[in-house]
Amino acid sequence: MATIAEKVTVLEDLRRAQRANGPAAVLAIGTATPANCVLQDQFPDWYFRVTRSDHLTKLKAKMTRICNKSGIKKRYFHHTEETISRHPEFLDRALPSLGARLRTTADAVAELAAAAAGAAIAEWGRPAADITHLVVATNSGADEPGADLRLALLLGLRPTVRRTLLYLHGCSAGLVAIRVARDIAENNRGARVLVACAHTVLLTFGAPDEARLDALVTSALFADGAGAVVVGADPVLPVERPVFHLVSSAQATLPATERTVGISLGESGVEYGVSVEVPALVRDSIERCLADSMAPLGLANAKDGGGGGGWNWNSLFWAVHPGGRALLDSYEAALGLETAKLAASRRVLAEHGNMLGATIIFVLDEIRRRHQDGGEEKVDCKWGIMTGLGPGLTIETIVLHTAGSRNED
């Protein structure tokens, strides 16, 4: 009969055999947007026309000012003017419309996610059937079976793929999904995790309301899009080439901010509550949160070159979720960042708007492009931080390390 010590040894050996040897990494990236594009300088006219609200001239003028200051050039949407005209209940918050919104977006979310995931799998270079785990995050659903099963069927994943579905994590959804994928990859030898984040704004779409100016702001910022990454440890060379190593992750919820950012699902769809205090909270708190997330790594890269005096934030590259222009300005001011450090985030915001959870994957793709292209936009830093805000107010952080170009030996 085996002794207790022998049994413990067997269990430890089994556990070691189940874990990966190395750190998880992003192995491929894919993005997708719908076909319907609306230029930001034309959005107020489009929005007030399709919502039959042209008579609200003061609100339209306010929306125009918000759009002009947003830093956004264009956005993409699954819904069109025809979609809204077929559903008058979408414009009247007094009418129940959740069921109709969910039915309209169910296939759209899965198809948008499939387009991004298909691009990531093609870049990855292995068959879709080799995906062992699927993590799907969306703010545009509330059903089961949900977008995860629809996506698995569209991609032809194995029936044994292990699915995780995340709902209503807001702008931090992409970071949460990648954090979950990292944990899966490092604790399951040979795991290949497909992360897909897709969002459509139809669940929040409604007519302008003088009593809800925060909804006017989100209407001017949010857009549709999908991003996907393949995550795995111990890459199989030469087919798999890591893009970013996922070194560590952290989450911090600021005290007494439960009502600062919130998402609620009701009969008339989804409502986002975003306080005007958020940029100031970021300025006051972000450096401490980021320093706490970096401290356990023991990296000697401080302002004085040896570990004391604070972190030299400009020695890193930055993948910041562009929740809005004011938020990016707050990161820049609080951390003393050079203008170029948030160039990738500002470009994604300009070209696509805020696609909630999917946006951070677009930023990763933009940083990857800048890292590989060279020239003035080349990113030389090897260490980086990916960060974004979620309901709470919660700050998600993932420390990254570049793995070089896929063309490098």
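If only the Cβ of Lys and Arg carry +1 and only the Cβ of Asp and Glu carry -1, the dipole of the chain around its Cα centre is close to 140 debye.
Normalised by 2.2 N^0.38 Å, with N the number of residues, the alpha-carbon radius of gyration of the stretch 243-288 equals 1.58.
The number of Lys pairs in the chain with C-alpha atoms less than 25 Å apart, excluding pairs fewer than 8 positions apart on the same chain, is 18. Over all Cα atoms in the stretch 24-233, the spread is summed up by Rg and Dmax: 18.6, 61 Å. Kindly point out which whole DSSP H helices in the chain project their C-alpha atoms 15 angstrom or further along the helix axis while averaging a Kyte-Doolittle hydropathy of -0.5 or above. Membrane-span-like by this rule: 4-18, 98-124, 173-187, 278-294, 325-335, 359-373.
Which loop GluC sites (Glu not before Pro) in the stretch 88-134, with loop taken from DSSP, have no more than 13 other Cβ atoms within 10 angstrom of their Cβ?
Those that pass, being in a loop and sparsely packed, number zero.
Restricting the stretch 1-78 to trypsin sites (Lys or Arg not before Pro) that sit in a DSSP loop and have at most 10 other Cβ atoms within 10 Å of their own Cβ leaves nothing. Within the chain, DSSP assigns beta bridges of which about 75% are antiparallel (rounded to the nearest 5).
Keeping all protein chains in place and using 1.4 angstrom, which order do 4, 72 fall into by accessible surface area, from largest down?
If we order 4, 72 from most to least accessible, we get 4, 72.
Accessible surface for the stretch 244-402, divided over its residues, is 41 Å² per residue with a 1.4 Å probe.
Just one of [x] 1.86; [y] 1.01; [z] 0.95 is Cα Rg over 2.2 N^0.38 Å as worked out from the coordinates here. Which one is it? Matching entry in [x] 1.86; [y] 1.01; [z] 0.95: [y]. The P(r) of the stretch 49-95 has a tail past 16 Å containing 56 percent of all C-alpha pairs. Helices in the chain, meaning DSSP H runs of at least 4 residues, each add -39500 (n - 2.57). Divided by all residues, the mean residue ellipticity at 222 nm is -12000 deg cm²/dmol. Over the stretch 36-133, all Cα pairs binned in 5 Å intervals from 0 give whole-percent P(r) values of 2, 10, 15, 15, 16, 14, 10, 7, 6, 3, 1, 0, listed from short to long.
Loop only per DSSP, at most 16 neighbouring Cβ atoms within 10 Å: give me the trypsin sites (Lys or Arg not before Pro) in the stretch 144-198, ordered by residue number. Filter output for the stretch 144-198: 189. Set against the 2.2 N^0.38 Å expectation for a compact globular protein, the stretch 244-402 has a Cα radius of gyration ratio of 1.05.
Which percent of the accessible area of the chain is formed by carbon and sulfur heavy atoms (probe 1.4 angstrom)? It is 52 percent, rounded to a whole number.
The smallest convex shape that holds all Cα atoms of the stretch 102-227, its convex hull, gives 103 Å³ per residue. Solvent-accessible area per residue in the stretch 91-182 equals 39 Å², computed with a 1.4 angstrom probe and all protein chains kept. Annotation: amide H of residue 223 within the under-5 Å range of 354, 355, 356, sequence separation 5 or more or interchain, hydrogens built in the peptide plane.
The values are calculated or read from the model by the stated rules, or taken from the named source; none is laboratory data. All values reported here derive from a predicted model rather than from experimental measurement. Using ideal geometry, Cβ is built from the backbone for each residue, glycine included, and neighbour counts are taken over all protein chains shown. Each accessible area value is taken on the protein alone, full model and side chains, heavy atoms only, with ligands, DNA and RNA left out. Shrake-Rupley method; radii C 1.70, N 1.55, O 1.52, S 1.80 Å.
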